[in-house]
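Trainee: Here it is, the structure in full.
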Amino acid sequence: MSTGHAVDALHLSGWAHAYSGKVRDLYVPADVAEATDAEGAPRASALARADRVLMVASNRVSAFDHVLEPEIPAKGALLTQLSRWWFAQLPIANHIDPTAEVPAEVADRAVVARRLDMYPVECVVRGYLVGSGWAEYREHGTVCGIALPAGLANGDRLPEPIYTPAWKAPYGEHDENITFERSVELVGADVATALRDASLAIFTQASVVAESRGVILADTKFEFGADPETGELTLADEVLTSDSSRYWDAAAYAAGGPDRLASFDKQIVRDWLSANWDGQGVPPRLPAEIVEQTAARYRELIERLTA
Ligand code: ATP
Ligand code: MG
């Protein structure tokens, strides 16, 4: 499916729908979409011709690669606000076009970005041993092939953050962990090195900011692109949101109780789903209290970080 997740595209003056991921919808300038349609080319290909994209964050929530029902109220706006806030803190070029007007209907949950030539590498940085990293470490003593000291436990802080890139798979396929050497084959040594260095630097800086607010940034994923005109490495997509990052409450982590690794995002959804669904067929509908608890977590994170 080339246009991604089926959504009801909005009618936004001057923009036309081009692509939807699990959570976000991308629009291109209407004239670019028209020219693409006139040639009979797939609408998603309009993205490559546009110089601006409108990225609209929906309230959809996904877990275990399924988009769930119902949506989480205000999630799109909260994540957009958080992403904008981080972009403004970080001393690296980003894709936001501050001069462009965001359509009023989606003003709180959309950004207009410069359309970049995206690198097909998801730049994952891990500061702690958890999730799939912990599973691999337990079995092989490595995370994404990187050897780590023996004796680490689930949730432990790593001696230093590690860069574990993934290849960005086409829609509907799973992203695939790759070695740094493989990323060099994909984008060349200079870019691969720049992606790694920028990712580690941003992670370290963001961790300090989060920690000063009682929040641990356990891991995250960045996406970068090149400015089509200047080639400048530019931070794109969403940045340091709870969809792309694992955040923990530092006090709960230090206390060491059962919630110490409960992430500030979809943990409530994941836990409920694990307990109430066997992973076969269509996931069950989330109960109202799970939706409200999840929405409250998103609100709490943004208050903690940006207050
Ligand atoms: P999912 O996140 O659901 O696995 P996805 O990453 O394909 O799927 P979204 O995150 O919903 O989908 O959509 C954002 C898409 O826009 C991604 O493909 C991302 O690489 C791309 N993108 C982000 N910023 C830019 C930009 N400045 N220029 C061009 N494409 C961008
Ligand atoms: Mg994405």
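Trainee: Given the conditions (1) surrounded by fewer than 17 Cβ atoms within 10 Å (Cβ to Cβ); (2) closer than 24 Å to Ile202 by Cβ, report the number of the one that Phe87 does not fulfil.
Mentor: (1)
Trainee: Suppose we filter segment 283-307 for residues that are within 19 Å of Ser245 (Cα to Cα) and touching a Leu at 6+ places or on another chain (Cβ under 6 Å); how many remain?
Mentor: 2
Trainee: If you don't mind, there's one more thing I want to ask. Within segment 148-188, how many residues are within 24 Å of Ala198 (Cβ to Cβ), over 22 Å from the mean Cα position of the chain (by Cα) and either in a loop (DSSP other than H, G, I, E, B) or aliphatic (A, V, I, L, M) (or both)?
Mentor: Of the residues in that region, 3 qualify.
Trainee: Within segment 244-265, does at least one residue satisfy the condition of being away from ligand 1 (no atom under 16 Å from the Cβ), within 16 Å of Gln89 (Cβ to Cβ) and assigned to a strand (DSSP E or B)?
Mentor: yes
Trainee: While we're looking at this one, here's another question. If a residue has to be crowded, with 21+ Cβ neighbours inside 10 Å and among the basic types (Lys, Arg) to count, how many in segment 182-228 make the cut?
Mentor: Here the count works out to 1.
Trainee: Still on this structure, please answer the following. Quick one: would you say Ala218 is touching a helix residue (DSSP H, G or I) at 6+ places or on another chain (Cβ under 8 Å), more than 16 Å from ligand 1 (Cβ to nearest atom) and not β-branched (Val, Ile, Thr)?
Mentor: no
Trainee: Whether any residue in segment 250-270 is away from ligand 2 (no atom under 16 Å from the Cβ), without any contact (Cβ under 8 Å) to a residue 40 or more places away in the chain and under 20 Å from Asn59 (Cβ atoms) is what I want to check.
Mentor: Yes.
The rows are residues; the columns are (1) part of a strand (DSSP E or B); (2) within 20 Å of Trp85 (Cβ to Cβ).
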site: Val209; (1), (2): no, yes
site: Ile216; (1), (2): yes, yes
site: Glu223; (1), (2): yes, yes
site: Gln293; (1), (2): no, no
site: Arg297; (1), (2): no, yes
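Trainee: Looking only at segment 125-142, filter to residues that are within 22 Å of the chain's Cα centre (by Cα) and in a strand (DSSP E or B); which one of those is surrounded by the fewest Cβ atoms within 10 Å (Cβ to Cβ)?
Mentor: Gly127
Trainee: I need the full set of residues from segment 83-119 which are within 19 Å of the chain's Cα centre (by Cα) and among the aliphatic types (A, V, I, L, M), in order please.
Mentor: Ala88, Leu90, Ile92, Ala93, Ile96, Ala110, Val111, Val112, Ala113, Leu116, Met118
Trainee: Please indicate, with yes or no, whether at least one residue in segment 278-291 is acidic (Asp, Glu) and not in a helix (DSSP H, G or I).
Mentor: Yes, segment 278-291 contains at least one residue that is acidic (Asp, Glu) and not in a helix (DSSP H, G or I).
Trainee: Quick one: which of Arg246, Arg196 is of a type in the set (Lys, Arg), closer than 20 Å to Ala153 by Cβ and within 19 Å of the chain's Cα centre (by Cα)?
Mentor: Only one candidate passes the filter, namely Arg246.
The numbers here are math on the coordinates, done by the rules we state, and not lab data. Please read all numbers here as calculations on a predicted model, not as lab measurements. All Cβ positions, even for glycine, are placed from backbone atoms using ideal geometry, and neighbour counts span all protein chains on display.
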